[in-house]
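S.K.: The structure follows.
Every number in this text was worked out from the coordinates using simple rules, so none of it is lab data. Note that this is a predicted model, so its numbers are computed, not measured. Here the Cβ positions follow ideal geometry from the backbone for every residue, glycine too, while neighbour counts run over all protein chains shown.
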Amino acid sequence: MNWYKGYKIVKDRNGYNLIIYLNSEKAEFSSEIIDDVKKNILTLNGEVNKLVEDKFSNIRINSIKLMLGALVIGTIPFAGHAKVHAETPTTNQVQAAPASFESNRLDATGTVTASRLNVRKGPSTSYSIMHLLWHGNRVKVIGESGNWYQIRLSDGRTGWVSKNYLKLDVNVSTRQQRIDKILSLSKSLLGTPYVWGGSSLQDGGFDCSGFTQYVFKSAGINLNRVSYEQAKQGVAVSRQNLEPGDLVFYSLAGDGRISHVGIYLGNGKMIHSPKTGDVVKITDITTAFWESRYITARRII
């Protein structure tokens with residue numbers, strides 16, 4: 001079995017750059033811990049030089065990159081003979097962004113569904129890659145932010161992965177218990193006055209997002225404060241697949257901008273805190289008014 005799966009050359013000034021794709025089926029390049037892979041590539045000096053001499057002796061090679069999937073595992077400033085330098089894996093050398101973010105705590109286990117999954121230092125592709133997971137790897141999930149899960153690796157480090165490629169083990173009874181708690185508490189608040197900026201009973205009532213934030217917190221879920229920020233949490237769900245406990249979002253002005261949120265109860269109804277002078281109530285969302293102002297829905301649990 002070859003140590004590489006393939007290669008390509010890219011024109012670069014007065015020569016070429018050589019990109020070599022490592023064979024992930026080789027034991028030394030299939031470790032879950034990326035630091036182990038980096039150590040193993042340091043033994044490739046002879047193989048790299050031989051490949052260049054055998055196949056590219058008639059052209060000028062300026063540099064060599066060793067790739068494992070989308071990760072740059074090693075770089076070689078090439079000048080006659082190669083010497084491999086392991087480096088922190090990156091995709092296009094993206095650096096971590098100095099941005100802040102909010103996260104919710106989770107206690108779950110997930111399974112990687114992608115062939116390879118980048119683990120980043122923060123919940124965005126603007127953060128640098130710190131680790132690589134493989135299909136079937138199972139990891140502890142300790143938090144979430146937007147479309148990202150925070151995970152804890154086997155060596156104790158924490159990082160972030162896209163929700164699109166990590167399937168959580170679902171404890172159906174626990175999930176349903178949390179949904180039932182949210183629905184029960186929300187209905188117990190029927191008749192509570194709308195108060196702009198209100199997010200607790202101590203405030204005398206709730207605005208729309210204060211209501212959803214308060215109710216979900218009872219189930220241990222921290223929602224963002226305003227409706228358009230809550231719409232960035234959880235996962236998107238189509239209107240046809242709504243389930244009780246999903247959040248539904250609307251543009252009351254009809255301009256496409258999210259300005260209202262409610263909790264779906266099932267059977268075409270939501271519970272929400274609508275507007276000044278009104279109270280927490282149950283509303284039919286199949287009417288023309290609400291259907292024309294519908295924007296999206298998110299499943300938080």
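S.K.: Roughly speaking, what is the centre-to-centre gap between segment 172-218 and segment 222-301 when only Cα atoms are used, to the nearest Å?
M.R.: Between the Cα centre of segment 172-218 and that of segment 222-301, the gap is 14 Å.
S.K.: While we're on this one: Could you give the nm distance between label points at Lys187 and Leu252, where each point is 7 Å from its Cα heading toward the beta carbon?
M.R.: Taking the simple label geometry, Lys187 and Leu252 are separated by 2.6 nm.
S.K.: Quick check on my link table: of Lys181/Lys269; Lys163/Lys232; Lys5/Lys163; Lys232/Lys275, which ones sit more than 20 Å apart, alpha carbon to alpha carbon?
M.R.: Distance filter (> 20 Å) returns Lys5/Lys163; Lys232/Lys275.
S.K.: Could you give the radius of gyration (one decimal) and Dmax (whole number) of the Cα atoms in segment 172-299, in Å?
M.R.: For segment 172-299, the Cα radius of gyration and maximum Cα-Cα distance read 13.3, 40 Å.
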